[in-house]
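Below is one structure, written out as structure tokens; the observations come after it.
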Amino acid sequence: MDLALAVSGLSVRGDDGRAILTVESLKVAPGTAVAIRGPSGAGKSTLLFALAGLVPVAAGSIRWGGHEISAMSEDGRAAFRRRFVGMVFQDFLLFEELSALANASLAGAYSGARRGSIREGAAAMLQRLGLPSDDGRTVATFSGGERQRVAVARALAADPAIILADEPTASLDRAAADALIDDLVRLARESGKTLLIASHDLAVHARMDRLVEVIDGRFCGDVAQHA
Amino acid sequence: MLKAALFALLAGAATLALPAPPVVADEHAPAQEEPGDHSHHEAELDGVHAVHAWTRATDADTALVFVDIENGSDRDVVLEGGESDIAEKVEIVGFVLKDGAPAWEPLPQMPLKAGRELKLAPNGLALRFTGVKEALHEGDEFEMEFHFDVGHLAMHVQVEAANAMHHSHAGHKH
Amino acid sequence: MPEALSDFWYALSPTAQDALLFALLLAPAILLGLVVVAGYRPFALVRAMLWRFRWTSLLFILLIAVSVGIGVGLIAQERGLRQGTARAADKFDLIVTAPGSEVTMMLAAVYLQPSDVPLLSGRVFNDIAGSENVSLAAPIAFGDSFEGAPVIGTTAGFVTHLSSGALAEGRMFAEHEEAVAGARVPLAIGETFTPAHGVGPSAEEDGHQGHVYRIVGRMPASGTPWDRAILVPVESVWEVHGLASGHAPGSEARLGPPFDADYFPGTPAILVHADQLWANYALRSQFTTAETMAFFPGAVLASLHALLGDVRQVMSVMAVVTQVLVTAGVLTGLIILMRLFARRLALLRALGAPRRFVFAVVWSYAAFLIGAGALLGIAVGFAASAIISRIVTARTDILIRASLSWPEFQLVAGFVSLTVLLALVPAFLTLARPVVKDLRG
């Protein structure tokens, strides 16, 4: 399925009406891995959330292939995320009281008929990420690296075409960060997923196809690697 | 302490809940009434007087009819039941307390000695109507017949409020 | 109500009506639950939330349980009191006394709460005893006591009637100085006692010096104040007070009816028993005269019960208001709790969970608190009723049993339906929260 990203003339405003992000134009071919860099608070996360349809758009359009998400209803955008998007966050956002498998297959609780395949996908992902698929332990006992891998398994369980990750390595030590980013990039590339990662981490930038930059709420386009 | 409180509650309740003792003079002595005022509300058969037949408003299938009967004749009579167009069945019932819950048991007959009075009243005797065909509304009246061994006595039954404990006397000019 | 429906309703047995009413009251809660969670499996997340906020959840459940328990306990207690007092009056079909307050007379003759009351003459007693259809007429002569236990003068026929035909132990009194004890009188067979004149603190302990009774039999337990009573021949009560024996000179040794009206000192109350209910009503009509009052303790009780019921209803309304207020408080607490959980709920939205799923999670959590609180509340109410019943039984000697019945379950079903409906509010409110802001924490 062709889910090329095309953003044009995008403007996102904060609660006070001030523009917090503008994007003249951003195009990403399907299967590309893109790093988004920029100072803290510049709008990297806002860009990711906008691409996921989580923030209201003041002007412009966000298209994923034939899906104009800026024109969809809230329920329509939720359905789009459910079907096509996997998300990873800086501090994992797991349900600490649940097991790795229950966390990774969370979408099964609200995805009706796809419940079985999501659970299988989650179990397979956990295994590929070197985690026990279900030993009854809750994730509260896991290390940071293990937790983020559970979050990655959750993002990939429903086999989405797009992965959006917000500072996925920022809470991990160097070794865990490197291992995680290796896994994430490998799994995304294997099945031709589009991967967008907002990150400060140079090691992340180095492993991606493209590096783009957001400064002061303005999308500034591609940056030459190793610049 | 608690014992005293319980009995005090029961005793205090009495003054509020109980009908006046039977020795109170009958305020419906004929001398106090204008002629014809109660023409619908009293009936007589060979010295047997019935006065103030009443029931409670209900949309249920059963209704209890109460009345005061006075045997003014010089012979014993027996109340055997009754009939009415509004109900399928009319029978005499007596109140009993079963497991703390009120219940009514059918009685085959109710003798009434010469010169005596029989009060059909709440928590006592009543005529039970079963298969009541229509809802009874406060202020309605319907006809019924009391069956005595000496004959039938026709009279009007007044429908009182759903929670009434006695016949209303006020303001019923016909 | 349409006729076909009301016909259907009245054709049902009382149990079926109760069960149906219960089902109808609970149905909104169940239907709402089915609609809210349809297609989803929110329970793992609800479990996770319950565990995360376990102490708060437990507190909320306890609050609901206590408020529900008050309502359940009230209904159960009122029924227990009704049934207990009615059971204690079971053996007393018709009581004849001098005209006065039916309640005072009933408390004295049935519940052995003594009063000074006028006496009925021997002529009246013989009139009653000799009436058609009377199978038992017995004097109930109260006034004396022994260490707090009322000493009642009566006849062997009454003792047999009260013990349903068979004593638990020993035999019937056959002499003037013999007595039959109630089940809980602390005197063994063969022991003797001297009655005091009067009852309670003002009783004159040595008023009847020289008169000694010996216990020869014991009645079975009845769960009534009579379990504490000592029954003696009425003749001996009269003799102890220096009165005639009820029998003509020459036959003073005789016990029980017939009595000689000329030597009958009087009795405060007479129990009348007829085998047929209609005969009881005929006798009441017959003995409602200028010098006698005849009443059914059951009917007097029913009037008192109606009042007790009114009091209970008023208190029930307050209990229901309390329940709803407590639940509203809990649901308000829930809204605050949901703020603590807001990041996880926002996460669900970010991952693409439908809004209705998030709604279902929050509602199910609230519904679980309400359901668990309601169930626990039934247990709390029953336990409270059991404890109060035990205390009342100990103090009044009227056996009060705690039980649970349909009205309590109907109340709880109505409560659950109403409050799970209220729980839609916090569920709606969580949907209004900003996803991205909550996600960033």
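The values are calculated or read from the model by the stated rules, or taken from the named source; none is laboratory data. Keep in mind the model is a prediction, meaning the values are calculated, not measured. Every residue, glycine among them, receives a Cβ derived from its backbone with ideal geometry; neighbour counts consider all protein chains shown. Ligands, DNA and RNA are excluded from the accessible area calculation, which covers all protein heavy atoms including side chains. Shrake-Rupley method; radii C 1.70, N 1.55, O 1.52, S 1.80 Å.
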Residues being within 13 Å of chain B (Cβ to nearest Cβ) and either under 23 Å from C:R390 (Cα atoms) or among the aliphatic types (A, V, I, L, M) (or both) - total across region C:97-133: 10
Of the conditions (1) assigned to a helix (DSSP H, G or I); (2) crowded, with 19+ Cβ neighbours inside 10 Å, C:D262 fails just one. Which one is it? (2)
Looking at (1) among the aromatic types (F, W, Y); (2) without any contact (Cβ under 8 Å) to a residue 60 or more places away in the chain; (3) part of a loop (DSSP other than H, G, I, E, B), can you tell me which one C:Y281 breaks? (3)
All helices (runs of 4 or more DSSP H) inside region A:1-114 with 3 or more residues being within 15 Å of the chain's Cα centre (by Cα) and within 12 Å of chain C (Cβ to nearest Cβ): A:44-51, A:74-84
Just one of (1) open to solvent by 20 Å² or more (accessible area, probe 1.4 Å); (2) over 30 Å from A:T22 (Cβ atoms); (3) under 15 Å from the mean Cα position of the chain (by Cα) trips up A:L180, so point out which. (1)
Quick check on C:Q276: is it buried (at least 18 other Cβ atoms within 10 Å of the Cβ), in contact (Cβ under 8 Å) with a residue 12 or more places away in the chain and more than 14 Å from chain A (Cβ to nearest Cβ)? no
Taking only region C:279-325 into account, find how many residues are under 22 Å from the mean Cα position of the chain (by Cα), open to solvent by 50 Å² or more (accessible area, probe 1.4 Å) and of a type outside the set (S, T, N, Q). 9
Among strands (runs of 3 or more DSSP E) entirely within region B:99-174, at least 3 residues that are open to solvent by less than 40 Å² (accessible area, probe 1.4 Å) and more than 14 Å from chain C (Cβ to nearest Cβ) occur in B:141-148, B:151-160
Within region C:24-41, is there a residue that is surrounded by fewer than 17 Cβ atoms within 10 Å (Cβ to Cβ), over 30 Å from A:L98 (Cβ atoms) and of a type in the set (A, V, I, L, M)? yes
Residue satisfying all of: in region A:153-199; among the hydrophobic types (A, V, I, L, M, F, W, C) and assigned to a strand (DSSP E or B); farthest from A:A104 (Cα to Cα) among these: A:A198
Hey, can you tell me all the residues within region C:376-411 that are without any contact (Cβ under 8 Å) to a residue 60 or more places away in the chain and surrounded by 17 or more Cβ atoms within 10 Å (Cβ to Cβ)? C:A386
Please indicate, with yes or no, whether at least one residue in region A:44-53 is free of Cβ contacts under 8 Å to residues at least 24 places away in the same chain, closer than 15 Å to A:A161 by Cα and among the aliphatic types (A, V, I, L, M). no
Matching option when the condition is at pLDDT 90 or above and either acidic (D, E) or open to solvent by 50 Å² or more (accessible area, probe 1.4 Å) (or both), among A:D135, A:D209: A:D209
For region A:169-189, indicate whether the set of residues that are within 13 Å of A:A33 (Cα to Cα) and among the acidic types (D, E) is non-empty. yes
If the requirement is being outside any helix (DSSP H, G or I) and outside the structural domain of C:R228 (by TED's automatic domain parsing), which of these qualifies: C:S403, C:S417, C:S389, C:S385? C:S403
With respect to the numbered conditions (1) at pLDDT 90 or above; (2) within 14 Å of chain C (Cβ to nearest Cβ); (3) over 23 Å from A:L48 (Cβ atoms), which one is the sole condition not fulfilled by A:R174? (2)
Take the conditions at positive phi and open to solvent by 30 Å² or more (accessible area, probe 1.4 Å) and apply them to A:G221. Does it pass? no
Within region C:42-52, can one find any residue that is modelled with pLDDT of 90 or more, buried (at least 16 other Cβ atoms within 10 Å of the Cβ) and touching a Gly at 6+ places or on another chain (Cβ under 8 Å)? no
Entirely in region C:77-190, the helices (runs of 4 or more DSSP H) that have 2 or more residues that are open to solvent by 10 Å² or more (accessible area, probe 1.4 Å) and within 23 Å of C:D260 (Cα to Cα): C:122-129, C:156-162
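For (1) closer than 30 Å to C:H176 by Cβ; (2) part of a helix (DSSP H, G or I); (3) at the interface with chain B (Cβ under 9 Å from one of its Cβ atoms), each residue gets a yes or a no:
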| residue | (1), (2), (3) |
| --- | --- |
| C:G246 | yes, no, no |
| C:A253 | yes, no, no |
| C:P258 | yes, no, no |
| C:V272 | yes, no, no |
| C:A299 | no, yes, yes |
| C:V314 | no, yes, no |
Matching residues, region B:51-63, being open to solvent by 20 Å² or more (accessible area, probe 1.4 Å) and within 13 Å of chain C (Cβ to nearest Cβ): B:T58, B:D59, B:A60, B:D61, B:T62
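Regarding C:A294, is this residue within 14 Å of chain B (Cβ to nearest Cβ), free of Cβ contacts under 8 Å to residues at least 60 places away in the same chain and aliphatic (A, V, I, L, M)?
Taking the combined requirement at face value, the residue does not satisfy it.
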Quick one: count up the residues across region C:420-433 that are in contact (Cβ under 8 Å) with a residue 60 or more places away in the chain, surrounded by fewer than 17 Cβ atoms within 10 Å (Cβ to Cβ) and not in a helix (DSSP H, G or I). 1
